[in-house]
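Here's the structure, in structure tokens; my notes come after.
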Amino acid sequence: MNRPWPKERLGQLLRHRKEFATIDDLAVYRRPRVQLHAQGIVLRDELPGALVKTKQQQICRAGELLVAEIDAKVGGIGIVPDALGGAIVSSHYFLFQIDETKLDRRFLAAFVQTRTFLDQIEAQGSTNYAAIRPADVLGYEIPLPPIVEQRSVVARIEELAAKIHEAHTLRHEAAAEVAALVASKLGARFTRLSQTLPVHPLEELTSHIVDGPHKTPQYLPPGSPGIPFVTVKNMVSGTLSFAELNYISEDDHRVFARRCRPEYGDVLYSKDGATRGRPCFVDTELEFSYFVSVALIKPLRDRLDGRYLAHLLGSSWIRERMTVKSRGDMIPHIVLGEIRAFPVPLPPLEQQHRMVEEMDALQAQVNSLRQMQADSDAELDALLPAVLDRAFKGEL
């Protein structure tokens, strides 16, 4: 059985550094974002000194521990990466120099992700942000083996974390390959149809193809009754998901719905950014509004089945055209005029219905694989905390 490591207060290993510099209006500064749940520190933005309102700021040094006063209790803590040395933070952040003769910064970075460490923060005072002060941080305890053993533990953690990341990547790639295979198979089928059937511009088979109003919605506070507001994140696996919805007021909904109201049997189509080209069949009678980056397509019910159209839009037959016709370098997008011109091979309605049954079965297989991927992701996500727990018990 491994002998437990002795515990040491961080005050014996860290020094709170509180030094402020005056911001130069003519210089450009980087600001960091301390991600929650101890997920590291990343670049938030860069801005001219003239736009920094508080002229006294702290200057981060690479390798220091940075604690967000307001978010510490939800894991707003991490080690300043080399790339963000020289970044500025306000007085609502605390910087600590690490005595690296006693404590490896990577060992500390791993420890702050553990439940053991977060429990110490959560046990400190009330839930308001002022409960976390530099003295509190210096009072927390860390299991402390010799520095050589710390480095060995870090190497083992990094090795296992890399394997977990590889497993994540392989499962996502497998799911993406299956989805691409299905899209390609459907594309080949629509290509064959186009050789024997009339092909119409989508515009001829619809009453409306419009996008959401060019207006920024005002979301209601969580828990407030209102009208669901659909964005691309709610367009999942070809159907609408009402999980993680935002809501808007009845008055805003009337403004948004003025252009065109979604109805059962319509199709939504994402048209902006990396998620463009995602179709979604409207399978609900519920009232909802939708964002400007989403197009609403209303098929003529006596000519075009909305489910048939959703499968068509998700196939390589259309996706390849969408990619070619997209505009913009920074944020690629497909304009409504190009969507209206999409070619639609048009079999009789009865044949469309039969094809939909077959295509739904294919899509169900893809959805099942995606669910398995989500389940395995959750299992993999639980592995790293378990690895860290064992590591800081000296069991790796």
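The values are calculated or read from the model by the stated rules, or taken from the named source; none is laboratory data. Remember, it's a predicted structure, so these values are computed and weren't measured experimentally. Here the Cβ is made from the backbone with ideal geometry for all residues, glycine too, and neighbour counts use every protein chain on show. The protein model used for the area step is the full one, side chains on, heavy atoms only, and it has no ligands, DNA or RNA in it. Shrake-Rupley method; radii C 1.70, N 1.55, O 1.52, S 1.80 Å.
The share of accessible area on the chain that comes from carbon and sulfur is 53 percent, using a 1.4 angstrom probe. Short-range pairs are left out: with C-alpha atoms under 8 Å and at least six residues apart, the relative contact order of the chain is 16 percent. Other residues with beta-carbon under 13 Å from the beta-carbon of LYS73 carry, at +1 per Lys or Arg and -1 per Asp or Glu, a net charge of -4.
With protein chains left intact and a 1.4 Å probe, residues in the range 30-188 average 49 Å² of accessible area per residue. Residues whose amide H lies under 5 Å from that of LEU43, counting only those 5 or more places away or on a different chain, are ARG33; hydrogens are built 1.01 Å from N in the peptide plane.
Among the lysines of the chain, pairs at least eight places apart or on separate chains and with Cα atoms under 22 Å apart come to 18. Solvent-accessible surface of the range 244-303, averaged per residue with a 1.4 angstrom probe and all protein chains in place: 46 square angstrom. Taking every DSSP bridge with both residues inside the chain, close to 95 percent are antiparallel. Find out how many positive minus negative residues lie around SER241, taking Lys and Arg as positive, Asp and Glu as negative, among other residues whose Cβ is under 14 Å from that of SER241. Net charge around SER241: +1. Entry note, the chain: the mean residue ellipticity at 222 nm calculated from DSSP H runs of n ≥ 4, each adding -39500 (n - 2.57), is -12000 deg cm²/dmol after division by the residues and rounding to the nearest 500.
Computed with a 1.4 Å probe on the full set of protein chains, the accessible area for ILE318 sits at about 0 Å². Taking a Cβ cut-off of under 15 Å around ILE98, the surrounding Lys, Arg, Asp and Glu residues balance to a net charge of +2, with basic ones at +1 and acidic ones at -1.
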